[in-house]
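Contents: one structure, followed by commentary.
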Amino acid sequence: LYMLVTLSIPTIIEEVLATLIQYVDTAMVGQLGEQATASVSVSTTVTWLVNSVPHAIGIGVLALIAKAVGSGDKNLVRRISSQAVWMVIGCSIVLGGILLLSPYIPIWMGAEASIQGAAGEYFFIISLPMLFRVSSIVFGAAIRATKDTKTPMLISLGANIINAVLNYALI
């Protein structure tokens, strides 16, 4: 039970931080007014959908690496880790292609004409660092599989701080 609690608390904190980052973005953009907030909110569900792909890959990587770590097979851990790198690259390229759809997503989501342009631009901008988003999700899962849940949590904390600072500077 102790190990379960010790491993789960940093993961819970990391999930809270991941949710918090979206609230911080929306709150800071909210200072610009209703239209800006609506523009950000339009793409939220699409962003969740896009993020589900690397999360699914991360779950697979976590399961396979945890099994290899449990059996003491370091060679298998290296092979799976190498495959995870290739999966991150491939997933980033495929999901990065969604950038081409950014002008259409607000239309498909039923956004009012007055915010479609801004919403499309916002989705384009947040989709630019797709490689980093996918890497963070998949590699975080790989690290968690080695019983290190604190490192991904600290990375998430750092990302939140950088996000808030950049939001303040750029919004």
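Would you mind finding the one in ILE107, ILE143 that is over 23 Å from ILE21 (Cα atoms), among the β-branched types (Val, Ile, Thr), assigned to a helix (DSSP H, G or I) and open to solvent by 50 Å² or more (accessible area, probe 1.4 Å)? The unique qualifying residue is ILE107. Of the numbered criteria (1) in contact (Cβ under 8 Å) with a residue 40 or more places away in the chain; (2) open to solvent by 30 Å² or more (accessible area, probe 1.4 Å), the one SER135 fails is (2).
Residues in segment 61-73 that are part of a helix (DSSP H, G or I) and open to solvent by 30 Å² or more (accessible area, probe 1.4 Å): LEU62, ALA63, LEU64, ALA66, LYS67, VAL69, GLY70, SER71.
Go through segment 1-45 residue by residue and tally those that are part of a loop (DSSP other than H, G, I, E, B) and either polar (S, T, N, Q) or closer than 18 Å to SER102 by Cβ (or both). Working first, answer last.
Within segment 1-45, the subset part of a loop (DSSP other than H, G, I, E, B) is 1, 31-33, 43.
Next cut, either polar (S, T, N, Q) or closer than 18 Å to SER102 by Cβ (or both) only: 31, 43.
Total satisfying the criteria: 2.
A Cβ distance below 7 Å, combined with a sequence gap of six or more or placement on separate chains, defines the contacts here; from segment 18-31, residues that are under 14 Å from GLY158 (Cα atoms) and open to solvent by 50 Å² or more (accessible area, probe 1.4 Å) reach no residue that is among the aromatic types (Phe, Trp, Tyr) and not in a loop (DSSP other than H, G, I, E, B).
Every condition in (1) open to solvent by less than 20 Å² (accessible area, probe 1.4 Å); (2) within 23 Å of GLN31 (Cβ to Cβ) holds for THR149 except the one numbered (2).
Taking the stated definitions as given, is ALA38 among the small types (Gly, Ala, Ser) and closer than 16 Å to ILE126 by Cβ? Spelling it out, ALA38 is indeed among the small types (Gly, Ala, Ser) and closer than 16 Å to ILE126 by Cβ. Being more than 21 Å from the chain's Cα centre (by Cα) and either aliphatic (A, V, I, L, M) or within 24 Å of PRO152 (Cα to Cα) (or both) is a description that does not apply to VAL61.
When ALA159 is tested against the conditions (1) surrounded by 13 or more Cβ atoms within 10 Å (Cβ to Cβ); (2) under 17 Å from the mean Cα position of the chain (by Cα); (3) more than 26 Å from SER8 (Cα to Cα), the lone failure is (3).
Being modelled with pLDDT of 90 or more, within 15 Å of the chain's Cα centre (by Cα) and open to solvent by less than 40 Å² (accessible area, probe 1.4 Å) is a property that holds for SER92. For segment 42-55, the set of residues classified as open to solvent by less than 60 Å² (accessible area, probe 1.4 Å) and either over 17 Å from MET130 (Cβ atoms) or without any contact (Cβ under 8 Å) to a residue 12 or more places away in the chain (or both) consists of VAL42, SER52, listed by residue number.
Would you mind finding the one in ALA118, ALA84 that is open to solvent by less than 80 Å² (accessible area, probe 1.4 Å), more than 20 Å from HIS55 (Cβ to Cβ) and either part of a helix (DSSP H, G or I) or not charged (D, E, K, R) (or both)?
On the way: ALA84 fails: more than 20 Å from HIS55 (Cβ to Cβ).
Answer to the selection: ALA118.
Quick check: anything in segment 75-82 closer than 14 Å to ALA141 by Cβ and out of contact with any helix residue (DSSP H, G or I) (no Cβ under 8 Å at 6 or more places or on another chain)? No, segment 75-82 has no match at all. Contact annotation: residue pairs with Cβ atoms under 7 Å, 6 or more positions apart or on different chains, pairing a residue in segment 76-97 that is under 11 Å from LEU64 (Cβ atoms) and among the β-branched types (Val, Ile, Thr) with a partner that is open to solvent by 60 Å² or more (accessible area, probe 1.4 Å) and assigned to a helix (DSSP H, G or I), are ILE80/LEU64.
The values are calculated or read from the model by the stated rules, or taken from the named source; none is laboratory data. Just so it is clear, the model here is predicted, and its values are computed rather than measured. As a convention, Cβ positions derive from the backbone with ideal geometry for all residues, glycine included, and neighbour counts pool all protein chains shown. Ligands, DNA and RNA are excluded from the accessible area calculation, which covers all protein heavy atoms including side chains. Shrake-Rupley method; radii C 1.70, N 1.55, O 1.52, S 1.80 Å.
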